[in-house]
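Before I ask anything, let me first share the structure, which is written out below as structure tokens.
The values are calculated or read from the model by the stated rules, or taken from the named source; none is laboratory data. This is a predicted model, so every value here is computed, not measured. Neighbour counts run over all protein chains shown; Cβ positions are idealised from the backbone, glycine included. Keep in mind that these areas ignore ligands, DNA and RNA; they rest on the heavy atoms of the full protein, side chains included. Shrake-Rupley method; radii C 1.70, N 1.55, O 1.52, S 1.80 Å.
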Amino acid sequence: MFDTDKGVWLLWKILTGIVFVSTTAFFISSHGITLEFNLIESKKINVELFRFLPDHFGATLWFPSVDGEKRPELGDFQSIGDWRKTGVLEFVNPGEPVKLVISDSNQNVVYEAMPAGGYTSTDTKRDLIRYEEGRNPFQFSWPPYDGKRFLLHSGFNKLQITILEVGKSLVGEKVTLYISPPLGFKHSSNELFYRYLWFFHAWPVYVFILSIFYLILLYRKSVIAKKSKEK
């Protein structure tokens, strides 16, 4: 005969295990990597990234600024023309060039910095996109030129980042490179696994529900034990 109490406890253990494993995977998948270095041509930086499933490399460069003041040498994201008709974003000031080569034993892909497109009181952000060889330096294909983007494989990826080109006014400047995780609050990889993990932004809610469930089970267990003693 099926023991209902044991079945309910088993259900709680299974759900707890799922939430624990999924929450751990969520934290790993939503954790980006931050690197600080000086922009010196030919400088190499080694980094290791982990991915549960294949994912494309994505990153942003953060430059120091003072009191949120814009720096002309970093460019301005204000564009001219209609990219919906032309397929390109054309900027009056694309900013000083910064190009990085992302490589491993099988791939070698060049990324470049777009004009400044995000600001805080202390930093200015320039997104990195796949470099499109031979294009007008004032124009960027939009949506971004995919070409052969750098693919991160499942498991650990050992990468080397080489600074290929730096504009004259930016040489030697200390910057922060943020390598995006496959999962964020406003984005996620197209993989079903990462879409599932996105719901674990609400992991505290699941933990709270399981805790209430656990307390109810404990209360029920104590009531049953009390009734057994009275018999």
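Viscosity 0.890 mPa s, temperature 25 °C: give me the Stokes-Einstein translational D for region 62-156 in µm²/s, with Rh taken as the Kirkwood radius over C-alpha pairs.
169
Okay, next question. Which pairs in the list K85/K174; K148/K174; K44/K70; K70/K158; K158/K186; K44/K85 are over 32 Å apart, alpha-carbon to alpha-carbon?
K85/K174; K70/K158; K44/K85
Three principal axis extents, largest first, for the C-alpha atoms of region 155-231, in Å?
Each principal axis gives a Cα extent; for region 155-231 these are 88, 28, 25 Å.
Quick one: which residues, 5+ away or cross-chain, put their amide H under 5 Å from the amide H of G58? H built at 1.01 Å from N.
Here S180 satisfy the definition.
Oh, and also: At 0.36 nm per residue, minus the direct Cα-Cα distance, what do D67 and F138 gain on full extension? Give it in nm, one decimal, please.
22.8 nm
Please state the shape class of the chain: rounded when a/c is under 1.5, otherwise prolate if a/b exceeds b/c and oblate if not, all from the C-alpha gyration tensor.
Prolate, because a/c is 1.5 or more and a/b exceeds b/c.
For W9 paired with E48, estimate the spin-label separation in nm (one decimal), with each label point 7 Å from Cα along the Cα-to-Cβ line.
Going by the 7 Å Cα→Cβ label model, 4.1 nm.
Using a 1.4 Å probe on the protein chains only, how many percent of the accessible area of the chain belongs to carbon and sulfur?
Its accessible area is 60 percent carbon and sulfur atoms.
Under a 5 Å amide H to amide H cut-off, with H placed in plane at 1.01 Å, what residues pair with G75 once short-range neighbours are removed?
Answer set, sorted by chain and number: G95, E96, A116.
Moving to a separate point now. On C-alpha positions alone, give me the angle between the axis of helix 203-230 and the longest principal axis of the chain, in degrees, nearest 10.
For helix 203-230, the angle is close to 10 degrees.
If you don't mind, another one. Return the whole-Å distance between the Cα centroid of region 18-48 and the Cα centroid of region 145-219.
About 8 Å separates the Cα centre of region 18-48 from the one of region 145-219.
How much length, in nm to one decimal, is gained on full extension between L192 and I209, taken as 0.36 nm per residue of separation minus their Cα-Cα distance?
Full-extension gain reported as 3.7 nm.
Between beta-carbons, use under 12 Å as the cut-off and find the net charge around F213, counting Lys and Arg +1, Asp and Glu -1.
+2
Now for a different question. Between T86 and Y178, how high is the FRET efficiency from 1/(1 + (r/R0)^6) when r is the Cβ-Cβ distance and R₀ = 22 Å? Nearest 0.05.
In this case the efficiency is close to 0.15.
Related question: Can you list the chymotrypsin sites (Phe, Trp or Tyr not before Pro) in region 1-85 that are in a DSSP coil and have 13 or fewer other beta carbons within 10 angstrom?
F2
In Å², and per residue, what accessible area does region 77-178 have when probed at 1.4 Å with the other protein chains present?
53
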